[in-house]
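In what follows, a structure is listed as structure tokens, so that the remarks can point back to it.
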Amino acid sequence: MKADIGKLKIAACAAAGVAVLATVPAQAATARSAAAQSASVTLGEAHAQAAGSGGTVYRSCATKGVGASGEAEIHGWTQAGAKINVKLSLMDGDADGHYAAIRFVVQGLDGSWKYSRWNTVSGRGKYKEGWGKVEYSKGIDKAGVEVAEFKGKKMVESCMDVR
């Protein structure tokens, strides 16, 4: 099942084909170390790495106080027009009445921005992850995630890692 968001297409790869993220037990959550987070590479390096070895590119961020943290694991980004496989991971790190949210973000070669739908989780230690396919008709120049905390429909705080 594909959800068309503007010209950004995101296809769910779950067996049911319905949700991009599926709930998993909190103990399955793993925090990436600062060293692993700093191992993210720039777009040029990502293209060279992916074309040469099929390497994985990571984008991640966390809101202040670690109320929400999330990551995109990007596979198959060999060229701007590639259909890429993306794993999104999201964790709510605080029992503060807010919920954590994540969405995949791309910037096209023409400078346009497109966003997937928000995927959410709520409750201290709650963790979700899921796979999807992404393609953008204007080519993908930059890709990453936006992670946010919401109270109701109001965004309280957010961060982005898009490069």
Please work out the C-alpha center-to-center distance from the stretch 54-93 to the stretch 107-127 and express it in whole Å. 10 Å
So how do 117-128, 151-162 stack up, highest first, on mean other-Cβ count within 10 Å? 117-128, 151-162
Treat each spin label as a single point 7 Å out from the Cα along the C-beta direction, and report the W118 to A80 distance in nm. 3.2 nm
Calculated from backbone phi, Karplus (6.51, -1.76, 1.60) coupling profile of the stretch 131-144 in Hz, x at Gly/Pro: 9, x, 10, 10, 9, 9, 4, 8, x, 9, 8, 9, 8, x
Phi to ³J(HN,Hα) by Karplus 6.51 cos²θ - 1.76 cosθ + 1.60 over the stretch 155-163, Hz, x for Gly, Pro: 6, 8, 7, 8, 8, 9, 9, 10, 8
List H98, H75 from most exposed to least, where exposure is judged by having the fewest other Cβ atoms within 10 Å. H75, H98
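Since every read-out is calculated from the coordinates, none of them should be taken as a lab result. Computed from a predicted model, the values in this text were never measured in an experiment. Cβ coordinates were reconstructed from backbone atoms using ideal geometry, including for glycine residues, and neighbour counts include every protein chain displayed.
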